[in-house]
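Since the structure comes first, as structure tokens, the remarks are kept for the end.
The values are calculated or read from the model by the stated rules, or taken from the named source; none is laboratory data. Model, not experiment: these values are computed from the prediction. So basically every Cβ, Gly included, is an ideal-geometry build from the backbone, and we count neighbours across all protein chains shown. Calculation scope for accessible area: heavy atoms of the full protein, side chains included, ligands and nucleic acids excluded. Shrake-Rupley method; radii C 1.70, N 1.55, O 1.52, S 1.80 Å.
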Amino acid sequence: DEISVNVPPGEGTYQTIEAIHKAVLKQTEQDVKLAETEWKGSARQQGLGQFSAAPSVDMRPAASGIDILVRYVTRAQDRFEMRNKLYKAVIELLHKPASTAQK
């Protein structure tokens, strides 16, 4: 699944993006482990060893700051709940001062 967020320009932009990445890693940790376990057997059989279940955060320049595209693995039945958790974490980070967002 994926979410998209715009991070406004400012002094702590890259620290905020790093904090978003850390929050996504933490929120999706169990799903990553589960996916990697499930993929382990089938990856060898199908030559899929290069795939990773770890979430990715991609940055793209935008007129109003930086657009962040967060891609992550989650179970289909948990998509809505996980997306809400991630958006909540991101919104909280965006409302923190830049100096505390990196913690």
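Going through (1) at pLDDT below 90; (2) surrounded by 13 or more Cβ atoms within 10 Å (Cβ to Cβ); (3) among the charged types (D, E, K, R) one by one, ARG83 falls short only on (1). Please work out which residue is modelled with the lowest pLDDT, limiting yourself to the range 48-74 and to residues that are open to solvent by 90 Å² or more (accessible area, probe 1.4 Å) and within 23 Å of GLU38 (Cβ to Cβ). It comes out as GLN50. Listed by first and then second residue, the pairs with beta-carbon distance under 7 Å, at least 6 apart or on different chains, first residue in the range 52-74 and free of Cβ contacts under 8 Å to residues at least 40 places away in the same chain, second aliphatic (A, V, I, L, M) and assigned to a loop (DSSP other than H, G, I, E, B), are ALA53/VAL73.
Scanning the range 86-103 for residues that are charged (D, E, K, R) and at pLDDT below 95 yields GLU92, LYS96, LYS103.
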